[in-house]
Amino acid sequence: MRKLELIFDEKTAFHTLEYVMKNSLGLTKRQISQAKFGERGICVNGKRQRISYIGQPGDLLTVSLEERLKDTGKVVPKQGDLEILYEDQDILAVNKPAGIPCHPGRGHYQDSLGNLAAGLFEKRGEPCPVRIIGRLDKDTSGVVLLAKNQAAGARLGEQKGRGVFQKEYLGMVQGHLKKTVGRIREPIGKIPGEKLKMQIDRNGKSTDTEYRILDFLEDNTVMAWKIFTGRTHQIRVHMAWLGYPLLGDSLYGDGENPYFSGLALHCRKAVFCQPFTGEKIEVLAPARHWREALRMGKFLDPEGNLTGSRQEL
């Protein structure tokens, strides 16, 4: 349950609760309707009130947004380790390892990130539906955000649509790019008959990928990306289209990675606003599994974080 509180002042006094909940608390018509039928859904000074009540200066409005837990059982809880990067009463941000999917699916019905999150909530005695905001591919590691309640999930979803919620990635590609910075806006669509693979498609969905070179290795390039649209395999498709596929990408490249096993793509940062307070939050995920394999102290510190002037995208 998420509780919101507001003390009526000169700006909010003498307005109805419905008006204040919409305009000051940012609640939707549906959320207000759901709260109305909760046992302690909408209260003023500790007593239930109708949404037509006119607030007086000094009144304390409390709105309880109760969770509907009927869908909780769809994700089987599994106990395991989760590296928590950030948490408050609305959001959980974790560092997802490479090799596990975000959601349960074929071959991964009980070992996905969703299963581990459900297990964490169950262990705490706080069962709630698992709401992953901005998932990562199975083979991509890094920051993944989970919303703890329906309202937070809806607001974070709106931030994605408005470009407020942004992610930055770290990765390695085959070959040496000539341009140190660039932007790719080629649309992406599905390949007919393919289950997973995407392609550049003039009739596909619009995309926006910004990149910067961080370093050159002997035959490869270390890069960073900002994505302003969240399309399936966006970075992987764009880099393969440029002729520089990601290391370890067997779907769009040859799958070779001379440094470590798997795809060389890591979501190192997520930037968003706290869904209720509006505070800007920046979450960083260290790429520790890169450090030992690559020993690239040149731009990674002992924890696998970007260091020095090269960390800025």
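The values are calculated or read from the model by the stated rules, or taken from the named source; none is laboratory data. Fair warning: this is a prediction, and the values are worked out from it, not measured in the lab. Positions of Cβ are generated from backbone atoms using ideal geometry, with glycine treated the same way; all protein chains shown enter the neighbour counts. The accessibility values were calculated without ligands, DNA or RNA, using every heavy atom of the protein model including side chains. Shrake-Rupley method; radii C 1.70, N 1.55, O 1.52, S 1.80 Å.
Which residue fluctuates the most in the chain, going by a Gaussian network model with Cα springs under 10 Å, if the choices are LEU265, LEU217, LEU146? Its mean-square fluctuation being the largest, the pick is LEU217.
In terms of accessible area, using a 1.4 Å probe and ignoring ligands and nucleic acids, PHE272, PHE14 rank largest first as PHE14, PHE272.
Per residue, the accessible area of the stretch 104-158 comes to 40 Å² when a 1.4 Å probe rolls over the protein heavy atoms.
Sorted largest first, the spans of the alpha carbon positions of the chain along the three principal axes are 70, 44, 39 Å.
Would any residue of the stretch 139-159 have its amide N under 17 Å from a label point 7 Å out along Cα→Cβ of PHE228? List them or say none. So the set is 159. Each label point was placed 7 Å from the Cα along the Cα-to-Cβ direction; for ILE281 and GLU126 their separation is 1.1 nm. Ranking of TYR169, TYR19, TYR244, TYR109 by solvent-accessible surface, largest first: TYR109, TYR19, TYR244, TYR169 (1.4 Å probe, protein heavy atoms only, all chains present). Structural size metrics of the stretch 138-218, computed from C-alpha coordinates, are Rg and Dmax of 16.4, 49 Å. Count Lys and Arg as plus one, Asp and Glu as minus one, and take only other residues whose Cβ is under 12 Å from that of LYS29; the net charge is then +2.
Rounded to the nearest 10 square angstrom, GLU256 shows an accessible area of 120 square angstrom against a 1.4 Å probe.
If you plug the beta carbon distance of SER52 and GLU10 into 1/(1 + (r/R0)^6) with R0 = 25 Å, you get a FRET efficiency near 0.75. Using the Cβ-Cβ distance between SER33 and SER250 with R0 = 45 Å, the FRET efficiency computed as 1/(1 + (r/R0)^6) comes to roughly 0.40.
Result for the chain in a Gaussian network model with C-alpha springs under 10 Å: among THR28, THR207, THR229, the largest mean-square fluctuation is at THR28.
A simple count of charges around VAL144, restricted to other residues whose Cβ falls under 9 Å of its Cβ and scoring Lys, Arg +1 and Asp, Glu -1, yields +2. For the stretch 183-230, the pair-distance distribution built from all alpha carbon pairs, in bins 10 Å wide starting at 0, is 24, 37, 31, 9 percent. Dividing the convex hull volume of the alpha carbon atoms of the stretch 1-77 by its residue count gives 93 Å³ per residue. Summarised in one figure, the compactness ratio Rg/Rh of the stretch 111-169, Cα atoms and Kirkwood Rh, is 0.99. Each stretch of four or more DSSP H residues adds -39500 (n - 2.57); spread over every residue of the chain, this sum gives -5000 deg cm²/dmol at 222 nm. Estimated at 0.36 nm per residue, the fully extended path between CYS273 and GLU87 surpasses their Cα-Cα distance by 65.6 nm. First measure r as the distance between the Cβ atoms of GLU210 and ALA154, then evaluate 1/(1 + (r/R0)^6) with R0 = 25 Å and state the FRET efficiency to the nearest 0.05. Step by step, r from the Cβ atoms, then E = 0.35. Taking a sphere under 15 Å around the Cβ of PRO57 and counting the other residues whose Cβ falls inside, with K and R at +1 and D and E at -1, yields a net charge of -2. Here the stretch 12-160 has an Rg and Dmax of 18.4, 58 Å, counting Cα atoms alone.
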